[in-house]
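*Asks:* Mind looking over this structure? Questions follow.
The values are calculated or read from the model by the stated rules, or taken from the named source; none is laboratory data. Keep in mind that what you see is a predicted model, and the values were worked out from it rather than measured. Because the Cβ atoms are built from the backbone with ideal geometry, glycine has one as well, and the counts that use them run over all protein chains shown. The accessibility values were calculated without ligands, DNA or RNA, using every heavy atom of the protein model including side chains. Shrake-Rupley method; radii C 1.70, N 1.55, O 1.52, S 1.80 Å.
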Amino acid sequence: MNSIFSLFNMFLRCHRRCVLLFIIPVNVSFGILMALAAALGAQVKGNSGTEFKRLAAQLSSARSDGAAESEGPQEMALGILDELATSLLNNSASPDLDAANRRMADLVSHVPPVGENYRLVRLGGSPPLYATVVNFGLGGPAAVRIYSNASGHYALAAKVDHFIQKDFFDSDIDLIPISLAEPVFIIVAGRTDDLATGMFTAWRFDGHRAVPLWSSDLLQQSSYETDGSGFHVTYCSEPDEDHPAQCKKMARDTYVLQGSEWKRVETKDLGPPKAAK
């Protein structure tokens, strides 16, 4: 019996030594692999930023040159932005939009970045939705990407661009949230010429896609503001055909969200514009 137990103990000691000799190299190898993976991940992210800048410059110059536009390169560039935006949104229960937008500002491809900007905006809803407002450069295409938290983490939920919405005016856009409770927002497009000629569209995210609620005409000498009484658009309602830079009469329309409808509740005649002092 003693000899049997002695042999068994010798076997256990040998087994432990063999296991330790196996585990130590495996742990070291695993640590090396983790370090390599982290380095590779950082390299991929760096490469993604470089690739995004290349694609953004390509998209901007293609439109400026009148070349045929393809959805593929634009979707590739927007996919890189989606990855960055969702990682920032899922990294914290309360995303720091200022920090996120500083990260996005690093992606500009033009120096100076005239007309090129990328911005993350909080929309309404509970949990809140977020949107990336994308301008690929002065004269270049623009788009909006919407992210929802329906599945417990933020992911791309809807797209607004001229490939998805054929009538979308994708020139130098801005986005204005209308309500903290509802995922309704205004996209302002254009307004880069000397007469600030722009178009305004109201949208609602219905859980699956962005649905247009209303669209204005191209409005000359336009400006806008939003407050507790609604969304206000001021514009030239009677242009001077003989002198395009002049306006005979200005007007201001006020819109509100009533239930599921976007309604104009007031149009105010402002008379001739006041001369600048």
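*Asks:* If you average the C-alpha positions of the range 147-192 and of the range 56-74 separately, how far apart do those two centres end up, in angstrom?
*Replies:* One Cα centre to the other: 21 Å.
*Asks:* Under a Cβ-Cβ cut-off of 11 Å, what is the net charge of the residues other than residue 75 that fall near it, where Lys and Arg count +1 and Asp and Glu count -1?
*Replies:* Cβ neighbours under 11 Å give a net charge of -1.
*Asks:* Let me ask another. Please calculate the 1.4 Å probe accessible area of residue 268, with all protein chains present, and give it to the nearest 10 Å².
*Replies:* For residue 268, the solvent-accessible surface is approximately 90 Å².
*Asks:* If you plug each phi of the range 253-267 into the Karplus form 6.51 cos²θ - 1.76 cosθ + 1.60 with θ = phi - 60°, what whole-Hz ³J(HN,Hα) values come out, in order, with x for Gly and Pro?
*Replies:* 3J(HN,Hα) across the range 253-267, in whole Hz: 9, 10, 10, 9, 8, 10, x, 9, 10, 9, 10, 8, 9, 7, 10.
*Asks:* Nearest 20 debye, what's the magnitude of the dipole of the range 89-193 about its Cα centre given +1 on Lys and Arg Cβ and -1 on Asp and Glu Cβ? Mind dumping the intermediate values first?
*Replies:* Values: 8 positive and 11 negative charges, 50 e Å.
Result for the range 89-193 is approximately 240 debye, rounded to the nearest 20.
*Asks:* Here is a further query. Run the dipole for the range 68-107 about the Cα centre, Lys and Arg Cβ at +1, Asp and Glu Cβ at -1, nothing else charged, and hand back the magnitude in debye, nearest 20.
*Replies:* My answer is approximately 200 debye.
*Asks:* Another question, then. In whole percent, what relative contact order does the range 111-251 give with Cα contacts below 8 Å and a gap of six or more residues? Walk me through the intermediate numbers first.
*Replies:* On the way: 321 pairs, mean separation 19.8, N = 141.
Normalised by residue count, the contact order of the range 111-251 is 14 percent.
*Asks:* With θ set to phi - 60°, apply the Karplus curve 6.51 cos²θ - 1.76 cosθ + 1.60 along the range 239-251 and write out the HN-Hα couplings as whole Hz, x wherever there is a Gly or Pro.
*Replies:* Listing the rounded values in order: x, 8, 5, 7, 9, x, 6, 10, 9, 7, 8, 9, 9 Hz.
*Asks:* Mind ranking 227-236, 180-189 by how tightly packed they are, going by the mean number of other C-beta atoms within 10 angstrom, highest first?
*Replies:* Top to bottom by mean Cβ count within 10 Å: 180-189, 227-236.
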